[in-house]
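Right, one structure below, let's go through it.
Each reported figure results from applying straightforward, stated rules to the coordinates on display, with no laboratory input. Just so it is clear, the structure is predicted and the values come from calculations on it, not from any experiment. Virtual Cβ from ideal backbone geometry, glycine too; neighbours counted across all protein chains shown.
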Amino acid sequence: MLEAIVKNLEKFPLSRPQPEGSQGHLSAAVLVALIDGGEVPEIILTQRAQHLNSHAGEVAFPGGMWDSVDADLMMTALREAKEEIDLDPALVDVIATLPSATPRRRNLQVTPFVGLLADSPALMGDPSEIGSIFTVPLNYFLDIQRYSYLDLSHRGEILSFPCLNYRDDQDREYRIWGFTLRVITDMLNETLSAGLDLDYPSHQQIQLLRNK
């Protein structure tokens, strides 16, 4: 599986974009870290700490905001992964830059970078940001029957987003959805022809929700 993913990621060649001018404060990067675990690769995800003021408890990739110390957005993704989960950048072979996107209800451009790890590293989350770190086998995302929909209400408007619940080997359950899930499923559709035809709200609907 990983061999096919890597081969087909050639359509998303590695680039190292830099925020332009005043856009630095609106630019972020995340690391889509894939572990070569044999027949089925795994992806590293985090759960944001429950005490955070924004997106508490949500599942996310390691990553964060661009900083002026970063030469480019790839360095942002690697630096943030080091700070958040103590992932040594030397262990990561960054191979692709996925299309940037804007998460729901945020005026922000996020660029995902796909990185490969030869083995499962020892990781430790920064408790000020990270509640837990977990991995999910990529084939878990390929079964369309596992998906459901999450309804979000904002000032009387309801939007439904695809979501996927995952329970790890310590019986902790995580809900994967939003930007994180879309990046994963789009990547699998592009590289494995996974056929994950999920129904997302339109860009216009999300913009209306943002502006309310």
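Largest first and in whole Å, give the semi-axes of the chain's equivalent ellipsoid, each being the square root of 5 times a Cα gyration tensor eigenvalue.
24, 22, 18
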Positive-pole candidate from SER68, ILE95, LEU198, dipole of the chain, charges at beta carbon: LEU198
Alpha-carbon centroid distance for the pair segment 105-168 / segment 170-202, whole angstrom: 8 Å
Built amide H within the under 5 Å cut-off of ILE176, gap 5+: LEU164, ASN165, TYR166
Segment 151-191: translational diffusion in µm²/s, Stokes-Einstein, Kirkwood Rh over Cα pairs, 20 °C, 1.002 mPa s: 179 µm²/s
Rounded to the nearest 20 debye, dipole of the chain from Cβ charges on Lys, Arg, Asp, Glu: 940 debye
Calculated FRET value between LEU91 and ARG146, using beta carbons and R₀ = 41 Å, to 0.05: 0.85
Sum of -39500 (n - 2.57) over DSSP H runs of 4+, divided by residues of the chain (222 nm, nearest 500): -6500 deg cm²/dmol
Length-normalised contact order of the chain in % [C-alpha pairs under 8 Å, at least 6 apart]: 23 percent
Å³ per residue enclosed by the Cα convex hull of segment 58-123: 100 Å³
Selection from LEU117, ALA28, LEU142, by position along the positive dipole direction of the chain (Cβ): ALA28
Karplus-derived HN-Hα couplings along segment 57-64 (A = 6.51, B = -1.76, C = 1.60, θ = phi - 60°), whole Hz, x at Gly and Pro: x, 7, 7, 8, 7, x, x, x
